[in-house]
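Comments concern the structure below.
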Number of protein chains: 2
Amino acid sequence: MRPRAFDEEQALDAAMRVFWAKGYEAASLSELTEKMNIRKPSLYATFGDKRGLFGRSLDRYTTRHLEYIQRMLERESAVIPAFKSLLNDLAEGGRAGDPTLGCLAVLTLDELAPREAEWTEKAWAHQLRLAELFRNKIAEGLESGELAPGQDAEALGRALLASVIGLTVMLKTLPDRAFTESTISATLTLLKEAQS
Amino acid sequence: MRPRAFDEEQALDAAMRVFWAKGYEAASLSELTEKMNIRKPSLYATFGDKRGLFGRSLDRYTTRHLEYIQRMLERESAVIPAFKSLLNDLAEGGRAGDPTLGCLAVLTLDELAPREAEWTEKAWAHQLRLAELFRNKIAEGLESGELAPGQDAEALGRALLASVIGLTVMLKTLPDRAFTESTISATLTLLKEAQS
DNA sequence: TTTTTTTTGTACCGATCGGTATGTAACTGC
DNA sequence: GCAGTTACATACCGATCGGTACAAAAAAAA
């Protein structure tokens, strides 16, 4: 048997970046094969078809993205500084270093929901996992006494998620720094500190 | 001269709905002409090309949408109830009556920013107008004494806009009522009432 | 080396994409 | 009714879309 001349993970990563930047519809097979540096028959033999490749790309994205968010929230033990650094990192483009890239899971929801049930579900499940990460972090702050009691960790986590999604979309236009900073600082007032 | 057999505004409205539901890329000329109930030569004679039609559709959308948001905010004189009813109305699908439709301006940002500068600019300008509406409403609440003093109306308006955008995207998946309600109620805690 | 198996590059497929040429139908002004 | 003008429907255009047939090439198994 002849071995593959390309690395599957590496090719998948390139595909993911194309979908990330362009969305499903606007990502053409020509651009995909070019950026993946493989020819169409190899692509089809390995990933099935364009839909299969997108599914794999989306899975890869959500996995990586979840890890990233988790890492960011763990870097600071206090809740408010943790969310502050997360939002600031997003504003600077996060892992990719480019704020105008947005988020593939959000783009998938926006572009393909509700008509592509399978992908809608995947992207939504990812948002739910993010909301849970947020909720857990907030719950820690409530237990530790950092946050004022009586706040609903689950609801707050969801509201913060909505803010993060909205901010991510807004960042695609690269608004000026002052705009972003004031938005972030007001968003953080969702989390009420305990009286000191 | 022979008069048009179709109403331009009506056709444009149909086109707008197609772009709204599918985005620019996935909206095909076949579907557009079908839903507009005109043939391609009429479309091209009236709107130029697909890009021209999208531009007109986006303009129409933002105009209508701005009016809608303005109307919603004016229905209640108090700030918090006003935003509450706005968010609840969004959750029920707003004007269109379908929460899974999302927002064309948001979809345009997500799908086409930053690579389509003209449309990115249009969609972003719309978001800035919305942020201004929000800011003005909040400023009213600060002056009237409804809201606790010391809050930054501009920053809060922007944060609320991010929340609205995020919520709109999430609603495309039709999350259950409890999810939506808790998200909305936590979001509204961005606005602090004055001590009574 | 030879055989066998899998991947690769090329060249191609039908379908659909956005966009248009053309002739005819429909209306206005005369 | 006639002339002039515009909009209409049909039928078509090249380009690109996603997807594949096929044969050469490359390695493992013999």
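Computed from the coordinates by the stated procedures, all read-outs in this text should not be read as laboratory data. Please read these numbers as outputs of a predicted model, since none were measured by experiment. Cβ atoms come from the backbone with ideal geometry, glycine included; neighbour counts cover every protein chain shown.
Below is a table of values for the structure above.
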read-out: Subset of the stretch B:30-89 that is acidic (Asp, Glu) and either part of a helix (DSSP H, G or I) or within 16 Å of DNA strand D (Cβ to nearest atom) (or both) - its residue that is nearest to the chain's Cα centre (by Cα); value: B:Glu67
read-out: Exclusive hit being among the hydroxyl-bearing types (Ser, Thr, Tyr) and more than 10 Å from chain B (Cβ to nearest Cβ), set A:Ser144, A:Ser185; value: A:Ser144
read-out: Tally, over the stretch B:81-119, of residues that are among the β-branched types (Val, Ile, Thr) and either more than 18 Å from B:Ala27 (Cα to Cα) or more than 9 Å from every other protein chain (Cβ to nearest Cβ) (or both); value: 1
read-out: Count of the stretch A:11-49 residues which are away from chain B (no Cβ under 14 Å), in contact with a helix residue (DSSP H, G or I) (Cβ under 8 Å, 6 or more places away or on another chain) and more than 10 Å from DNA strand C (Cβ to nearest atom); value: 10
read-out: Every pair of residues 6+ apart whose Cβ atoms lie under 8 Å, when the first sits in the stretch B:25-37 and is touching a residue at least 60 places away in the same chain (Cβ under 8 Å) and closer than 20 Å to A:Lys22 by Cβ while the second is near DNA strand D (Cβ under 10 Å from one of its atoms) and small (Gly, Ala, Ser); value: B:Glu25/A:Ala26
read-out: B:Leu130 within 20 Å of A:Lys172 (Cα to Cα), facing chain A (nearest Cβ under 10 Å) and touching a residue at least 24 places away in the same chain (Cβ under 8 Å); value: no
read-out: Selection count where residues are under 20 Å from the mean Cα position of the chain (by Cα), part of a helix (DSSP H, G or I) and within 7 Å of chain B (Cβ to nearest Cβ), scope the stretch A:165-182; value: 5
read-out: Residue match in the stretch B:93-110 (condition: among the polar types (S, T, N, Q), assigned to a helix (DSSP H, G or I) and within 16 Å of DNA strand C (Cβ to nearest atom)); value: yes
read-out: Qualifying positions in the stretch A:151-164 - small (Gly, Ala, Ser) and at the interface with chain B (Cβ under 7 Å from one of its Cβ atoms); value: A:Ala155, A:Ala159, A:Ala162, A:Ser163
read-out: Flag for B:Gly55 being surrounded by 14 or more Cβ atoms within 10 Å (Cβ to Cβ), within 13 Å of DNA strand C (Cβ to nearest atom) and among the small types (Gly, Ala, Ser); value: yes
read-out: Count of the stretch A:15-49 residues which are aliphatic (A, V, I, L, M) and within 24 Å of A:Ala113 (Cα to Cα); value: 8
